[in-house]
1. Being of a type outside the set (Val, Ile, Thr), under 20 Å from Gln27 (Cβ atoms) and either touching a strand residue (DSSP E or B) at 6+ places or on another chain (Cβ under 8 Å) or assigned to a loop (DSSP other than H, G, I, E, B) (or both) is the filter here; which residues of the stretch 78-92 pass it?
2. Against the definition (among the hydrophobic types (A, V, I, L, M, F, W, C) and within 13 Å of the chain's Cα centre (by Cα)), how does Val56 come out, yes or no?
3. Within the stretch 84-103, does at least one residue satisfy the condition of being over 22 Å from Ala23 (Cα atoms) and at pLDDT below 95?
4. Could you run through the stretch 38-55 and say how many residues are over 23 Å from Glu73 (Cβ atoms) and either open to solvent by 90 Å² or more (accessible area, probe 1.4 Å) or in a loop (DSSP other than H, G, I, E, B) (or both)?
5. Just checking, which of Asp64, Asp59, Asp99 is under 27 Å from Ala133 (Cα atoms), in contact (Cβ under 8 Å) with a residue 24 or more places away in the chain, crowded, with 16+ Cβ neighbours inside 10 Å and among the acidic types (Asp, Glu)?
6. Within the stretch 115-133, which residues are outside any loop (DSSP other than H, G, I, E, B) and surrounded by 17 or more Cβ atoms within 10 Å (Cβ to Cβ)?
7. Mind checking which residues of the stretch 1-37 are small (Gly, Ala, Ser) and either buried (at least 18 other Cβ atoms within 10 Å of the Cβ) or in contact (Cβ under 8 Å) with a residue 12 or more places away in the chain (or both)?
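The values are calculated or read from the model by the stated rules, or taken from the named source; none is laboratory data. These numbers come from a predicted model, not from an experiment. Cβ coordinates were reconstructed from backbone atoms using ideal geometry, including for glycine residues, and neighbour counts include every protein chain displayed. The protein model used for the area step is the full one, side chains on, heavy atoms only, and it has no ligands, DNA or RNA in it. Shrake-Rupley method; radii C 1.70, N 1.55, O 1.52, S 1.80 Å.
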Amino acid sequence: MPAPIVFPDAAELVATYLREELAARGQPVRVVTRVPNPRPAAFVRVKRIGGARLDVVTDRPRLDVHAWGGDDEAAHDLMQITRALLLALPGWRGAAAYDVAEVGGPNELPDPETSSPRYAFAVEVSLRGKRLA
């Protein structure tokens, strides 16, 4: 019987990575997996919206990434830097990620509850699992 394989929480892994990388570039923006209450003017939310296990050791989650900003330009700029950083995720020391593919390009998506400026894009990330001890 093969050993059970467990996978990391993809949304939390990506949120941690983006938090660190944004802060290192002078953009200490809050990166979360749930919309905070109260909402800051600018933040990024990462949410797993699907995906599937590809093989015994590979999970391929699909992640929705939304970037809010105080105005359209700020939301767009935050989305662009977040997108660039996320596409560079493979090789980051804290990740079991070895591939990122954009599956939904950037789009303007004003927040339906607040009308706040928001941009979104979607990726699939290949994550390597570990044997369950």
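1. In the first step, residues of the stretch 78-92 are kept if they are of a type outside the set (Val, Ile, Thr); the result is 78-80, 83-92.
From what's left, under 20 Å from Gln27 (Cβ atoms): 78-80, 83-89, 92.
Matches in the stretch 78-92: Leu78, Met79, Gln80, Arg83, Leu86, Leu87, Ala88, Leu89, Trp92.
2. Criteria not met by Val56.
3. Step one: filter the stretch 84-103 for residues over 22 Å from Ala23 (Cα atoms), giving 98-99, 101-103.
Restricting the remaining residues to those that are at pLDDT below 95 gives 98-99.
Yes, the conditions are met somewhere in the stretch 84-103.
4. The number of residues fulfilling the criteria is 4.
5. Criteria check complete, one pass: Asp59.
6. Let us first name the residues in the stretch 115-133 that are outside any loop (DSSP other than H, G, I, E, B), namely 118-128, 130-131.
The answer is Arg118, Tyr119, Ala120, Phe121, Ala122, Val123, Glu124, Val125, Ser126, Leu127.
7. Filtering the stretch 1-37 for residues small (Gly, Ala, Ser) gives 3, 10-11, 15, 23-24, 26.
Hits for the stretch 1-37 are Ala3, Ala10, Ala11, Ala15.
For every residue, the table says whether it meets (1) over 25 Å from Gly51 (Cα atoms); (2) under 12 Å from the mean Cα position of the chain (by Cα); (3) surrounded by fewer than 12 Cβ atoms within 10 Å (Cβ to Cβ).
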site	(1), (2), (3)
Gly69	yes, no, no
Glu73	yes, no, yes
His76	yes, no, no
Leu89	no, yes, no
Leu109	no, no, no
Glu113	yes, no, yes
